[in-house]
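The structure under discussion appears below in the form of structure tokens.
Here, each number is a calculation from the coordinates, and none is a lab measurement. Nothing here was measured: the structure is a model prediction, and the numbers come from that model. Glycine also receives a Cβ, built like all others from the backbone with ideal geometry; neighbour counts cover every protein chain displayed.
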Amino acid sequence: MKPERPSGEPLSQRQLAEEFGISRARQWRMKHVADIPYSEFEAMIESDDPPTISALVNYARTGTTKPDAKLRLCPHCGGVI
């Protein structure tokens, strides 16, 4: 069952996040972290030195947790070019 407005119209992801008080930046981060395969994510967070959220997002986007990984990003959407 999808969340919907009283009019019956379904809510978009952005609208749903807004309903729960989740910022667009946090939603963006959550989507990237969710893209990490479960087994890799579990191994990373259960390690002796678990990564930060920023490192997890960087890993999802580049395949490395190193913050200095060189990326070319789209100036409009922020996606990797």
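Shown is the FRET efficiency for ARG61 and PHE20, computed with R0 = 35 Å from the Cβ-Cβ distance and rounded to the nearest 0.05: 0.90. For segment 27-39, 3J(HN,Hα) computed residue by residue from phi via the Karplus equation (6.51, -1.76, 1.60; θ = phi - 60°) reads 4, 4, 4, 4, 5, 5, 4, 5, 6, 6, x, 3, 5 Hz, glycine and proline entered as x. Extension gain for ASP35-ASP49 works out to 3.0 nm (0.36 nm per residue, less the C-alpha to C-alpha distance). Distant-in-sequence amide contacts of LEU11, defined by a placed amide H-H separation under 5 Å and a gap of 5 or more residues or a different chain, comprise GLU4, ARG5.
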